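Have a look at the structure below, then the notes.
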Amino acid sequence: MRRTSSGCSTAPSPHPAGSAIVATASGSASLPLRRRIRHHYRYSFRDPRRERLFLSSLGFDLGAISARVVTHMIRRGIGPFHNLTPGGRHLHHLVFGIAGLLGTGYAWLLIADSAEEMLASHRLTAFLYGAGSALTLDEFALWLDLEDVYWTRQGRVSVEALMIFGGLLSIGVWGAPFFGAAAREMAKASRTG
């Protein structure tokens, strides 16, 4: 522990960068958990590419889970969701996935050289790319067989397993340092009250 000019004591960060993150005023109160987690996020994703890969993986997993939940709700008549059939033609969510992929691809062409100035845009397009990929791949059986087999065994089992496993694995790979640090901070917070 060392003292700052304001009389607060600080504990060294668990990161090699050596920045002080857990500060206590007169040794009694620590920085809010949210602020400590934000620090670990920024530290874990110093490399913008790693952050974009993580956000894309997160978008993929959330998109896959959302697509499955919404389609199951539509099928069972639960909630406000319903099939979109303009002019009598059913629109599969694959169409929205392809539109999302085309849109994010075009946006990346426009912002590719401006990572520092357009950080929020890079983060958003990475997330949307993952979500668009999930919507597209969720109906992979439709591409493969050129018929709607979504609710058949061949259309469900392999796609669900692939998407959930792939999304979680990817999030874990790209986000492991952040999730480990966040878990340690939450454990500390639960011990201190």
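The values are calculated or read from the model by the stated rules, or taken from the named source; none is laboratory data. Values in this document were obtained by computation on a predicted structure and should not be read as measured data.
Residue count for the range 31-62 under the criterion of being within 10 Å of Phe178 (Cα to Cα) and not polar (S, T, N, Q): the result is 8. Set side by side, the residues Gly87, Gly166, Gly77 differ, and just one is closer than 30 Å to Arg46 by Cα and either modelled with pLDDT under 90 or not polar (S, T, N, Q) (or both), which is Gly166. All of Ala115, Ala67 fail the test of being in the same structural domain as Arg153 (by TED's automatic domain parsing), hydrophobic (A, V, I, L, M, F, W, C) and assigned to a loop (DSSP other than H, G, I, E, B), apart from Ala115.
State whether one or more residues within the range 169-176 are modelled with pLDDT of 85 or more and within 23 Å of the chain's Cα centre (by Cα). Within the range 169-176 (the criterion being modelled with pLDDT of 85 or more and within 23 Å of the chain's Cα centre (by Cα)), the answer is yes, since at least one residue qualifies.
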